[in-house]
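Working notes, beginning with the structure itself.
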Ligand code: AMP
């Protein structure tokens, strides 16, 4: 199974070309399993999380099946909606449609994404112009149906992506209304990270003799992801977070919180402390969320704070560090969160800050991932250090409460000339990793407070 290529899966040349251009060489396990079944016309119930390649697992065979309908004609009548992909969030919608577009780029198949929170009028003309693949959040799709800007009577394939999340978000009534409008004869594909009783019920209702595939949950405790827990009370978490961020050599970090309020608060506090931080959550406008995401993707923002819902569908390659500021009460969410790092063979770190009252959730998580997460040693408390200047780039640092305060305990070199005003308290903005009494002091400690000592 492992050594098969995309060509072995009987995909059309125009799709294979797009895959090569996307840099895909071999199918992921879910793709290898799902693609032949979907091409065969089976209904599918697939257990797979974001990061496994599930989007291509349904999008590639879908496009292949729609190729006979591809048309260069501008007439809307030649571009009926033939595949409908329903997703729970706007971010996931955008992500999925971008993938579909990339895979379909050498065909005349059209795709479009519609989601709420933006002016419906901007979506209507594109929808009326006709598309074969429509990616939508349920609420906005219903709005378009009511406005008669879309017809669904030609839909032959339906995908429910992240179905468990759709149920959690209360989309069941909307889903039922939409499904009632689709032709009875169609292929149904359902993707879900979990197989709860509710999901099984939904699958029994909407799928016909579904084939079941599940890719290993091993992702949860992927060997590529180092997982660590720091035990810390709520009051200590912020300082610890800042300390971890400064001490880490990761370029970027995604920080999860339970609530929108905490996400905003942390982002503001980190900004004040000099971090390029931003928050992404459901209360922000679509534009703000997209801007924050773009800034994160381009590296302008280095710390992105997100709630679980907002983080759905975020596709950021090679994210090195995920921090759970609060651990989730649903163990599956932990798996989703840490799956943001260690993707596609890359190496990642997932750190959780766990308060005493959260330990019960940790127990559930460890049960689910079937392994005990390493408890990290508490970090040494931040130290105030004093620095004296000898040369423009060179600073001797004293840490008064470690060993003797008479001798400088560390010589630090800065990238830029270090010239604080004489006698003043100053902040040294260059990171300095110091060894004090044989103990590694992360950059943060030295950076926090440097008091210039004149002579
Ligand atoms: P998904 O699970 O669909 O969100 O995909 C996760 C990430 O893996 C996305 O960035 C995809 O572009 C990427 N991806 C999917 N399939 C492959 C593949 N066969 N080879 C390399 N990257 C892939």
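Details
- As computed over the stretch 6-214, the Cα convex hull volume per residue (Å³): 111 Å³
- Projected area averaged over orientations for the stretch 103-149, convex hull of C-alpha atoms, nm²: 3.4 nm²
- Contour minus Cα-Cα distance for residue 21 and residue 360 (0.36 nm per residue): 117.4 nm
- Euclidean distance between Cα centres, the stretch 95-129 to the stretch 184-202, Å: 24 Å
- Rg/Rh ratio calculated on Cα atoms of the stretch 49-126 (Kirkwood radius): 0.96
- If you wrap the stretch 1-101 in the convex hull of its Cα atoms and look at it from every side, the mean projected area works out to 7.3 nm².
- Using the Cβ-Cβ distance between residue 204 and residue 268 with R0 set to 35 Å, the FRET efficiency from 1/(1 + (r/R0)^6) comes to roughly 0.15.
- Between residue 330 and residue 71, the contour length at 0.36 nm per residue exceeds the Cα-Cα span by 88.7 nm.
- A Förster radius of 56 Å combined with the Cβ-Cβ distance from residue 121 to residue 235 puts the calculated FRET efficiency at roughly 0.70.
- Point-to-point label distance, residue 228-residue 108, nm (Cα→Cβ direction, 7 Å offset): 5.7 nm
- From the largest down, the stretch 225-375 spans 39, 36, 29 angstrom on the principal axes of its Cα atoms.
- Calculated P(r) tail over 18 Å for the stretch 95-234, as whole % of Cα pairs: 64 percent
- Model label sites at residue 211 and residue 129, defined 7 Å from Cα along the beta-carbon direction, differ in position by 3.6 nm.
Since every read-out is calculated from the coordinates, none of them should be taken as a lab result. Small disclaimer: the values here were computed from a predicted structure and weren't measured. Every residue, glycine as well, gets a Cβ built from its backbone with ideal geometry; the counts of neighbours run over all protein chains shown.
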